[in-house]
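Single-structure report; data block below.
The values are calculated or read from the model by the stated rules, or taken from the named source; none is laboratory data. Bear in mind that the values here come from a model prediction, so they are computed numbers and not experimental data. When we count neighbours, we look across all protein chains shown, and the Cβ atoms used for this are built from the backbone with ideal geometry, even at glycine.
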Amino acid sequence: MQDETTSNLGPAGAPEPSFYREDDEPVAANPDFATVPEVHWTASEYIDHQKSVLWYVVLAVATIVVSGVIYLIGRDVLTVVAIVLVAISFGFFASRPPRTLDYAIERRGIVIGDKLYPYSILRTFSIQPEKGFSSLQLIPLKRFMPAISVYYPPDQEEKIINALSNYLPHEERKPDPIDRLMRHIRF
């Protein structure tokens, strides 16, 4: 009789990749996983939209207007302070240049920089086109965990998608309202 923990082990004791649902029950596995090559690339962590002084002025004016309206409605100073702090943080992160990260699709999961995202925590992936570039949206199993965006060079798109398709199912998804808003304001 085989132990449950070792029944799904491949060469060198590594678990075979498979798709999982929330209950961690295997859905499907690629029998040829040993022949799937690892894919490595380097890319920016996000698209850098250069922001003019006008962008920051609009942010400041919007913050003042929203804070003023909130104060007039509720007379709550703490909420106004929170709105101003969020706007300052938003402006700070908007001005931060993107880092260049190393990415890899491996048998054990997707590596972004120094962090490993095992396939067992991911549900599906989708491809999101964005002004000359595309990104992979990795959809996690956990309900409140945000989707993970992974950018890649256009010349490696087919190789990356083929490799990832061996481990995760592809799903067509439209950007959610927050993603559309962030693209619209060029964040």
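Take the conditions at pLDDT below 90, touching a helix residue (DSSP H, G or I) at 6+ places or on another chain (Cβ under 8 Å) and among the charged types (D, E, K, R) and apply them to Lys131. Does it pass? Step through it out loud before you land on a result.
Working: at pLDDT below 90: yes; touching a helix residue (DSSP H, G or I) at 6+ places or on another chain (Cβ under 8 Å): no; among the charged types (D, E, K, R): yes.
Here the answer is no, as Lys131 does not meet what is asked.
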Residue that is modelled with the highest pLDDT, among those in region 39-67 that are surrounded by fewer than 13 Cβ atoms within 10 Å (Cβ to Cβ) and in a loop (DSSP other than H, G, I, E, B): Ser52
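Does region 112-119 contain any residue that is part of a strand (DSSP E or B), buried (at least 16 other Cβ atoms within 10 Å of the Cβ) and modelled with pLDDT of 90 or more?
Quick first cut of region 112-119, residues part of a strand (DSSP E or B) only: 112, 115-118.
So of that shortlist, the ones also buried (at least 16 other Cβ atoms within 10 Å of the Cβ) come out as 112, 117.
This time we only want the ones that are modelled with pLDDT of 90 or more, so: 112, 117.
Yes, because at least one residue in region 112-119 is part of a strand (DSSP E or B), buried (at least 16 other Cβ atoms within 10 Å of the Cβ) and modelled with pLDDT of 90 or more.
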Is one or more of the residues making up region 84-97 part of a loop (DSSP other than H, G, I, E, B) and under 22 Å from the mean Cα position of the chain (by Cα)? yes
In region 147-187, which residues are small (Gly, Ala, Ser), part of a loop (DSSP other than H, G, I, E, B) and at pLDDT 90 or above? none
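From Ala94, Ala82, Ala87, grab the single residue that is closer than 27 Å to Leu59 by Cβ, surrounded by 15 or more Cβ atoms within 10 Å (Cβ to Cβ) and free of Cβ contacts under 8 Å to residues at least 40 places away in the same chain. Please lay out each step first, then the result.
Values: Ala94 fails: free of Cβ contacts under 8 Å to residues at least 40 places away in the same chain; Ala82 fails: surrounded by 15 or more Cβ atoms within 10 Å (Cβ to Cβ).
After applying the criteria, what remains is Ala87.
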Given the criteria over 27 Å from the mean Cα position of the chain (by Cα) and either exposed (fewer than 13 other Cβ atoms within 10 Å of the Cβ) or modelled with pLDDT under 90 (or both), does Val36 qualify? no
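If I go through region 120-146 residue by residue, how many of them are assigned to a strand (DSSP E or B), surrounded by 14 or more Cβ atoms within 10 Å (Cβ to Cβ) and of a type outside the set (A, V, I, L, M)? Give the derivation first.
So the first thing to find is which residues in region 120-146 are assigned to a strand (DSSP E or B), and the list is 122-130, 133-140.
Going one step further and asking which of them are surrounded by 14 or more Cβ atoms within 10 Å (Cβ to Cβ), we end up with 122-128, 130, 133-140.
If we keep only those that are of a type outside the set (A, V, I, L, M) as well, we get 123-126, 128, 130, 133-135, 137, 140.
Of the residues in that region, 11 qualify.
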